[in-house]
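Visitor: The following block contains the structure, expressed as structure tokens.
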Amino acid sequence: MMNISSGGSAVLRNAVLVFISLLVGIAISEIGYRFLLYHQNPEKFLFAWNRDHPSFIAINVSNWEFDKKFGFSYPPGRKMVRAIIADGKVQDCKYTDTINERGKYWFHPGGDYASADLKVAVFGDSFPAFSVGGMTFPSRLQDVLSDGLGKSVHILNFGRDGYGVIQIFKLAAARIAEWKPEFAIITFTTDDLTRVPIWRTSTILNGEERILTTVIPDPTPPPGTFQDTLVIDSRITAGWCEKARASSESDPMVQSLEFKFRRMIREAGYAFPDPLSFTHSFLAAKLIHGNSYSANEERFMIPRLAIRDYADSDSLRESIQALEGLGVPYIIVHLPISDEVASGRKAILSPGQKALWLSLERLAGRKVLAVSDFVDKPVPDPHRMDYSPTNKHPSQWGMKLYAGAVTRMLEQEGLISGN
């Protein structure tokens, strides 16, 4: 009996030791795998790890209004406070005395369109819409053309952030028919080639203000079909923003906005479990679900165009046919980012983007004019084009580079007379 009991105890002890060893092995494997993931993709942990402070923009009111036909519009006369938040503090406060009566973006051009000697319309994404110190790329182009031609020039700026090629052309066909400029400049960036049409809407969800981006034309899109565009909170005021920026103390509202941002990011599938989490196994998720970061698929992420030929887009074909029927000359312009200019190439294109570029030329019956082909090379310090080290939108220097190149294009195409 004693031998049996001793044997049973030994088996139990061995089983416990094996179990403990197994747990220790799993823990070591999990820790090692987490270190590997963090080393490979530290950005995937950034927002979920609460000891790191996210960088984001919070605004007091939406500068987008839902538009079923064109995705969204910019509401005229809206005043917006933007709090730039990073490292747990308000770093800067910006004020937009915003959009004029034509729904253009943050820019009131001088002169009068009706009486201008030369009327021009510019279309594109956020690059022509982007404003620095009251200047946009189209406003700079307006100054260059006015000075060079010795006549009054008025440029309508129809840049729309988030637009892709399909939406850019749809808006162009409608606005050119409405405003009848002497010619139009339709711009795009490389990223626009594969963008799907989007809608933006300002709404209330569960009693909370939200600005949503969706791919369905619905002002109140259902769950799983949208992601947040920016943090919005009507409590943000110019007075609060300036006080929070000047203070060295932690601000409760900043903490509240950070929490909202992290939650929005997590809901959209862009944030991932805390690397110190005791409730999520990265290794088990990888083995069971094939996804180290989540057992579930991301709720929503804006897709990319699946086509490789724009002839497969009914919307784009209809827009180009409408443009041809208007009889207003237009050029198609590629706006490069600094990395593309630094590369010395026309553009940095994936095979799919290149196929879409070529199909756009076939469909429109004209070549895309690339800014990179109309600048003096090499461009000294191309990254001066960037608004900031983390923002590829054009600085004022970049806007001048675009304006100079487009002026040369217009001269080449015979739309303006050279000096």
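The values are calculated or read from the model by the stated rules, or taken from the named source; none is laboratory data. Since we're looking at a predicted model, the values are computed, not measured. Every residue, glycine as well, gets a Cβ built from its backbone with ideal geometry; the counts of neighbours run over all protein chains shown.
Table: residues versus (1) under 20 Å from residue 319 (Cα atoms); (2) within 15 Å of the chain's Cα centre (by Cα); (3) charged (D, E, K, R).
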{"residue": "139", "(1), (2), (3)": "no, no, no"}
{"residue": "148", "(1), (2), (3)": "no, no, no"}
{"residue": "151", "(1), (2), (3)": "no, no, yes"}
{"residue": "159", "(1), (2), (3)": "yes, yes, no"}
{"residue": "171", "(1), (2), (3)": "yes, no, no"}
{"residue": "177", "(1), (2), (3)": "yes, no, no"}
{"residue": "194", "(1), (2), (3)": "yes, yes, no"}
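Visitor: Could I ask something else about it? Collect the residues in the stretch 372-402 that are in contact (Cβ under 8 Å) with a residue 60 or more places away in the chain and under 17 Å from residue 332 (Cβ atoms), keeping them in residue-number order.
Guide: 402, the sole residue that qualifies.
Visitor: Residues of the stretch 182-201 being part of a strand (DSSP E or B) and over 12 Å from residue 227 (Cα atoms), which ones? Walk me through it before giving the result.
Guide: First, the residues of the stretch 182-201 that are part of a strand (DSSP E or B): 183-188, 195, 199-201.
183, 184, 185, 186, 187, 188, 195, listed by residue number.
Visitor: For residue 168, indicate whether it is closer than 24 Å to residue 309 by Cβ and either of a type in the set (Gly, Ala, Ser) or crowded, with 22+ Cβ neighbours inside 10 Å (or both). Walk me through how you get there before you give the answer.
Guide: Numbers: closer than 24 Å to residue 309 by Cβ: yes; either of a type in the set (Gly, Ala, Ser) or crowded, with 22+ Cβ neighbours inside 10 Å (or both): yes.
The answer is yes for residue 168.
Visitor: Which residue pairs have Cβ atoms under 8 Å apart, sit 6 or more places apart or on different chains, and have a first residue in the stretch 344-371 that is assigned to a helix (DSSP H, G or I) and a second that is of a type in the set (Asp, Glu)?
Guide: Short answer, once both residue conditions are applied: 355/309; 356/309; 359/309.
To keep it simple, each residue is scored yes or no on (1) outside the structural domain of residue 322 (by TED's automatic domain parsing); (2) farther than 18 Å from residue 355 by Cα; (3) touching a strand residue (DSSP E or B) at 6+ places or on another chain (Cβ under 6 Å); (4) surrounded by fewer than 20 Cβ atoms within 10 Å (Cβ to Cβ).
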| site | (1), (2), (3), (4) |
| --- | --- |
| 162 | no, yes, no, no |
| 172 | no, yes, yes, no |
| 175 | no, yes, yes, yes |
| 180 | no, yes, no, yes |
| 184 | no, yes, yes, no |
| 189 | no, no, no, no |
| 192 | no, no, no, no |
| 202 | yes, yes, yes, yes |
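Visitor: Residue under question is residue 381, and the condition is that it be closer than 27 Å to residue 84 by Cβ and exposed (fewer than 15 other Cβ atoms within 10 Å of the Cβ); does it hold?
Guide: On the way: closer than 27 Å to residue 84 by Cβ: yes; exposed (fewer than 15 other Cβ atoms within 10 Å of the Cβ): yes.
Against the criterion (closer than 27 Å to residue 84 by Cβ and exposed (fewer than 15 other Cβ atoms within 10 Å of the Cβ)), residue 381 qualifies.
Visitor: Continuing with the same structure: Name every residue in the stretch 226-239 that is touching a residue at least 60 places away in the same chain (Cβ under 8 Å) and within 19 Å of residue 86 (Cα to Cα), in order of residue number.
Guide: Result: 229, 230, 231, 232, 233, 235, 236, 237, 238.
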